[in-house]
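The values are calculated or read from the model by the stated rules, or taken from the named source; none is laboratory data. Quick caveat: nothing in here was measured; it's all calculated off a predicted structure. Ideal geometry is used to build each Cβ from the backbone, glycine not excepted, and the neighbour counts take in all protein chains shown. What goes into the accessible areas is simple: the full protein's heavy atoms, side chains included, and nothing from ligands, DNA or RNA. Shrake-Rupley method; radii C 1.70, N 1.55, O 1.52, S 1.80 Å.
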Amino acid sequence: MTIGLVGRKCGMTRVFTDAGVTVPVTVVEALPNRISQIKNDKTDGYRAVQVTLGLRRPSRVPKALAGHFAKANVPAGYTSQEFRLNKDEGESLAAGGELKVDMFTAGQMVDVTGTTVGKGFAGTMKRHNFAGGMKTHGNSVSHRAPGSIGQRQTPGRVFKGKRMSGHMGVKNRTIENLRIVEVDVSRNLLLISGAVPGSEGGRVIVRPALKAVAQARRKRLAPNKAPVAAKGGAGKGASKSDKK
């Protein structure tokens, strides 16, 4: 996992390119993430950086968490988030430091994680994109019914995971390979092309895209090898004059 930023989804707007093309973007406010702890293999068993966001009175957080922030000399925040570190990553980070939006650049591909909007109790057509029943030919009051869900006497039960009506939304989802259109360092804003999960004001996590690195690696093809000359002089396609 690569180091990212915890931010707040502000909503959507659009920006215009130099060619006059409109690009829909999501505005993410990523205030400076304060580093509250650096974990290592010796003491914690793994390498990670822990960050917090926002300001909160120490009296409003549990005593254990307040002592944790005080030990790092970092003001108490609303939330804590960990980012796993690779072998040679995060060597320059230290408790008390900050991670800001300048760690991203315009045009960079990112993965955005958030909690989807809650839809309440939803039927199968809305929740699972079922096609529904027939509209005519004697079908009555069963246009949006899910249909049969059970089995015969064997096994005589409904299998777990059956797609049925139920609570929709409020799931942790990640949208991959989104492009950063603009980085506003002065206002701590990231303008990300497209939509990201969550409602306005919801917390989101922005990380450098994992698959973009592999995709770029696959595009770098190795140079073709020069054809090896056939033994005994000219190849099969050579003319008689060339052979002489």
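For this structure, a couple of remarks:
- Just one of the numbered conditions (1) assigned to a loop (DSSP other than H, G, I, E, B); (2) under 26 Å from the mean Cα position of the chain (by Cα); (3) of a type in the set (Ser, Thr, Tyr) is not true of Thr52: (1).
- Cβ-Cβ under 8 Å pairs, at least 6 apart or on other chains, the stretch 12-39 side farther than 19 Å from Leu189 by Cα, far side part of a loop (DSSP other than H, G, I, E, B) and charged (D, E, K, R): Lys39/Arg47
- The lone exception for Asp102 - which of (1) surrounded by 15 or more Cβ atoms within 10 Å (Cβ to Cβ); (2) touching a residue at least 12 places away in the same chain (Cβ under 8 Å) it fails: (1)
- Members of the stretch 189-222 found to be under 22 Å from Gly54 (Cα atoms), open to solvent by 30 Å² or more (accessible area, probe 1.4 Å) and assigned to a loop (DSSP other than H, G, I, E, B), listed by number: Ser199, Glu200, Gly201
- Check on Pro58, modelled with pLDDT of 95 or more and open to solvent by 60 Å² or more (accessible area, probe 1.4 Å): no
- Residue match in the stretch 76-99 (condition: surrounded by 17 or more Cβ atoms within 10 Å (Cβ to Cβ) and of a type in the set (Val, Ile, Thr)): no
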